[in-house]
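Throughout, read-outs are computed from the coordinates displayed, never taken from laboratory work. Nothing here was measured: the structure is a model prediction, and the numbers come from that model. FYI the Cβ positions are ideal-geometry reconstructions off the backbone, even for glycines, and counts take in every protein chain you see.
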Amino acid sequence: MACSNKDPCKKETTCPEKCDYVSNPYLATMKEDILYHFDLGTKTHDLHAMFGDVKFVCVGGSAWRMKAFAQYINELLGLGCSKDDIPNICAHTDRFSMYKVGPVLAISHGMGIPSISIMLHELIKLLCHARCTGVVVFRIGTSGGIGVQPGTVVVTKVSVDACFKPHFEQNVMGMIVAYPTVLNECLAQELLKCSKELNQFETILGCTLCTSDFYEGQARLDGAFCNYTAEDKMMYLQSAYEAGVRNIEMESSVFAAMCNRSGLAGTVVCVTLLDRLQGDQISSSHEVLGEYQERPQKLVGCYIKKIFCKK
Ligand code: R2B
Ligand code: URA
């Protein structure tokens, strides 16, 4: 793949009706589009005025963390907002939180595939209604590592399912549809470069296992139920490692699938909180976990700053 620093997006458009990010003929027939879970809409809000300059979207599970990310970016880019002056744009709903600082939008997505999937549908439509072009999307978050030191940041090459297949399977009207889950390679390489420049923590490229459960879905022995043995668990995690998996989380598959379907350049950057070959419980102190969780933010911040300062 040819690598361009300026624009890792393949597609660009300026016309909302012809926005390449969406692919749904019914949208053009609608008089109004209500983005219900954002509490935003095409009739109630001037989405172009509010979001037309967005170039980077960073999504993550926790509302609190996305607010902290927006405040961090504000400082890093010297955007000059006072800390308390970055409002939650989705304040009238408690489903998702959204913060905007300059060209950067930070949105929380909750836990798991269904939650992030709803958010991404509305985000992709929002970007089209706002006539945004050349947008890059990041998912930052936490994960369980496999065979890596806790605190290692994993940039996802490809998200794999429980059988280590590189696709996301969706049940649509009783039929299974599979979408590829390979993520943008150039963006991943740029983030690895940023990590080298920061020189503060280890960052690796790896496959990410995406599950729909934290306990049995991730072969833990500490859930409320467990019908398998410690040996079964270790064999499974070992086979994941041999398949190239370096971390496990719960949203990357649909994130990758929807980036590919929309043509948005996307990447997943997750810190590992523990090594699953050593245990299941997350027992590090709040202080250590807090510092780990700043790592994906720093990496994405470094990338955004590089592009922002070039312009
Ligand atoms: C990582 O951490 C969460 C579970 O604790 C989940 O949202 C994920 O992907
Ligand atoms: N998030 C996960 O999904 N799994 C872990 O083990 C840690 C964080």
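Computed quantities for the displayed model
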item: Segment residue 94-residue 221, length gained on full extension (0.36 nm per residue, minus Cα span); result: 42.4 nm
item: Percent of beta bridges antiparallel (DSSP, the stretch 23-134, rounded to nearest 5); result: 55
item: Rounded to 10°, Cα long-axis angle of helix 113-129 versus longest principal axis of the chain; result: 20
item: Overall dimensions of the chain as given by Cα atoms, namely Rg and Dmax in Å; result: 19.1, 58
item: Degrees between helix 286-310 axis and first principal axis of the chain (Cα, 0 to 90, nearest 10); result: 40
item: Tilt relative to the chain, helix 252-262 - C-alpha long axis, 0 to 90 degrees, to 10; result: 30
item: Cβ-Cβ FRET estimate between residue 178 and residue 282, R0 fixed at 30 Å, reported to 0.05; result: 0.40
item: Sites residue 229 and residue 291 - FRET efficiency at Förster radius 30 Å, r taken between beta-carbons, to 0.05; result: 0.30
item: Cβ-Cβ FRET estimate between residue 85 and residue 309, R0 fixed at 25 Å, reported to 0.05; result: 0.65
item: Spatial extent of the stretch 141-311: Rg and Dmax, with the Cα atoms as the point set, Å; result: 16.4, 56
item: When each of 157/196; 43/83; 100/298; 31/305; 125/196; 165/196 is checked by Cα-Cα distance, pairs over 27 Å; result: 43/83; 31/305; 125/196; 165/196
item: Relative contact order, percent, the stretch 50-198 [alpha-carbon distance under 8 Å, six or more residues apart]; result: 24
item: Segment residue 163-residue 239, length gained on full extension (0.36 nm per residue, minus Cα span); result: 26.4 nm
item: Packing-based exposure ordering (other Cβ within 10 Å, fewest first) of 107, 304; result: 304, 107
item: Fraction of beta bridges assigned by DSSP in the stretch 141-311 that are antiparallel (%, nearest 5); result: 45
item: Antiparallel %, DSSP beta bridges [both residues in the chain], to 5; result: 40
item: Centre separation in Å (Cα based) which lies between the stretch 232-287 and the stretch 156-182; result: 15
